[in-house]
Amino acid sequence: MEELTSMDFSLLGDAIASKSYDKIADICDNLMLQVSAEGVAFQNDWPYSIHLLGHIYAADINSARFLWKSIPSAVKENQPEVVAIWCIGQKLWKRDYAGVYEAVRSFDWSPQIKPLIAAFLDNYTKKIFQLLVAAYSTISVHDTALYLGMSEEDVTNYVLQEGWSLDSAARMFTVKKQDIVAEQKLDPSKLQRLTEYVFHLEH
């Protein structure tokens, strides 16, 4: 990470080193407030990639959009990784589930960003899987692969390990429902978004 004036980025460095990625957005927000309060010019050197991805990792897309709008045009023009990260944010905003995976895989991420991208993708896949469990009793292999961003072979291995069963002839999975307590933890608004997306796919 580049040195930025006299700011102490040790907290951010520690969060990344310990893989406490859920803390990144708050740490960056607080540091940015400190820098702004000191009147320091930091615009082109700020770790926008990490900051933006921190909000996306935390599923705080509103804050990610606000940050994106505040990023100087010079940064957007000269730092393609920042733009690539926002492309992920756009897909999330549009509820384009398959598009999120495409956005992740279409860019050659820097060594610094790659672990955070991998952690985000793992987290994201688990969340979508939980939504599928809540929304479906049966679902085609094709659609499951689309939602989870995997090949049909990989997604079959993935869901069978989670207790789903496969009707090979019909190419359909039977979903293993989670216990009631786990299902109650699902955000109804997220389930509604998935339902809307499924409706869009099918019509």
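The values are calculated or read from the model by the stated rules, or taken from the named source; none is laboratory data. All of these numbers come straight from a predicted model, not from anything done at the bench. All Cβ positions, even for glycine, are placed from backbone atoms using ideal geometry, and neighbour counts span all protein chains on display.
Tabulated results
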read-out: Residue that is nearest to Ile24 (Cα to Cα) [pool: residues in the stretch 106-129 that are exposed (fewer than 15 other Cβ atoms within 10 Å of the Cβ) and of a type in the set (Gly, Ala, Ser)]; value: Ala118
read-out: Residue in the stretch 91-102 that is within 20 Å of Asn62 (Cα to Cα) and of a type in the set (Asp, Glu) present; value: yes
read-out: Matching helices (runs of 4 or more DSSP H) fully within the stretch 152-203 where at least 3 residues are out of contact with any helix residue (DSSP H, G or I) (no Cβ under 9 Å at 6 or more places or on another chain) and at pLDDT below 60; value: 180-184, 188-202
read-out: Residue within the stretch 85-96 that is surrounded by fewer than 15 Cβ atoms within 10 Å (Cβ to Cβ) and of a type in the set (A, V, I, L, M, F, W, C) present; value: yes
